[in-house]
Amino acid sequence: MKKPKTKENGALKSVSYAKWGYIFIIPFFVVYIIFTLAPQFLTVYNSFFETYRVGLTQVGPNFVGFENYKALFSPDSSGTILILKYAINTLVMWFAGAVPQFVIALLLAIFFTSYRLNIKGQRFFKTVIYMPNLIMAAAFSMLFYILFSRVGPIQALLENWGVIDASFDFYAHKITVRGMIAMMNFLMWFGNTTIVLMAGIMGIEQSVFESATIDGANAVQVFFKVTMPLLMPIFVYCLITAMIGGIQMFDVPQVLTNGKGVPDEFSRTLVMYLNGYLANKNYGMAGAISVIIFIITGVLSGFVYRRLSAPYKDGDRK
């Protein structure tokens, strides 16, 4: 940053305005420390205590060390470790929605940014595909709940076509419930992913694509040898943020299944499990679950980042 010079007692003196940059970002750090960092440390702290409410009686806080974590990984009466079951539920439903989300988003991003196709009305199509992202997840879930209910139009339509019979219940089968949740997540987020990937592709010099075409590369080779390597930082960002949101999945399955995770809790997620303890004021167990979710998120994000970005780092680029 250039420093203007002022004259004082016949001598030139530099004036620095760099300090104002630090002053302007102080509010962000104050808000972050108060509303994000401090609650995170408090959550970890509470996870080592027994503190819950029974009726009007408050039990604790009593220091119990790692007992809350041991309880989470202890099998229940049926021999099931619930937190592992809910973690698998969460990852399965996220993965089922994320795969089509990124495939469709990539195809649309390439389609809309192609100079050869030169699609008209791009602003209209961008608006249309982004609109589902503007709908509240709760409203989207209620819409699907009505559409696939026993008296809903989807049930009646499939019965008239002879695909299902009157005894079929979409909410009695884990594959259909998980499929609905995955479909909603896909519909809500593929538009946002498309817009971000389009911005990444548009940031690549057009001359790179022209050079590859002149050298005889076909469309598939251009995509895998030129587009994806240059788009990888943006793609990794989209994938990691989508995964973080997927691990924190709550509103869609909560509303769709009325918080029950039907059938047999195969659609209950980690955050739904956490919310159950928060509703009972059991802050010790809720804190332990939050810490485990944080660890899972960090480990998976680090793994995805290292696996996908390592071949494209400077010095290791192939």
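In region 267-290, which residue that is surrounded by fewer than 19 Cβ atoms within 10 Å (Cβ to Cβ) and of a type in the set (A, V, I, L, M, F, W, C) is modelled with the lowest pLDDT? Among those residues, the one meeting the criterion is A279. Pairing residues of region 48-60 that are touching a residue at least 12 places away in the same chain (Cβ under 8 Å) with residues that are of a type in the set (K, R) and outside any strand (DSSP E or B), at Cβ distances under 6 Å and at least 6 apart in sequence or on separate chains, gives Y52/K281; R53/K281. Of the helices (runs of 4 or more DSSP H) lying entirely inside region 165-235, those carrying at least 1 residues that are of a type in the set (S, T, Y), in contact (Cβ under 8 Å) with a residue 60 or more places away in the chain and surrounded by 15 or more Cβ atoms within 10 Å (Cβ to Cβ) are 174-202. Taking region 247-293 as the range and being part of a loop (DSSP other than H, G, I, E, B), in contact with a Phe, Trp or Tyr (Cβ under 9 Å, 6 or more places away or on another chain) and either of a type outside the set (G, A, S) or not assigned by TED's automatic domain parsing to the domain that holds I181 (or both) as the test, the residues that pass are M249, T257, N258, V262, P263, E265, R268, T269, N280, K281, N282. Residues in region 14-63 that are modelled with pLDDT under 90 and in contact with a helix residue (DSSP H, G or I) (Cβ under 6 Å, 6 or more places away or on another chain): T51 only. Any chance region 75-82 includes a residue that's in the same structural domain as I296 (by TED's automatic domain parsing), assigned to a helix (DSSP H, G or I) and in contact with a Ser or Thr (Cβ under 7 Å, 6 or more places away or on another chain)? No, region 75-82 has no match at all. On the given criteria, is L143 under 22 Å from the mean Cα position of the chain (by Cα) and assigned by TED's automatic domain parsing to the domain that holds K260? Spelling it out, L143 is indeed under 22 Å from the mean Cα position of the chain (by Cα) and assigned by TED's automatic domain parsing to the domain that holds K260. Pairs linking a residue in region 78-106 that is closer than 19 Å to V177 by Cβ to a residue that is surrounded by fewer than 22 Cβ atoms within 10 Å (Cβ to Cβ) and charged (D, E, K, R), with Cβ atoms under 7 Å and 6 or more positions apart or on different chains, are L82/D76; V92/R178; M93/R178; A96/R178.
The values are calculated or read from the model by the stated rules, or taken from the named source; none is laboratory data. The structure presented is a predicted model; accordingly, all values stated were derived computationally and were not measured. Here the Cβ is made from the backbone with ideal geometry for all residues, glycine too, and neighbour counts use every protein chain on show.
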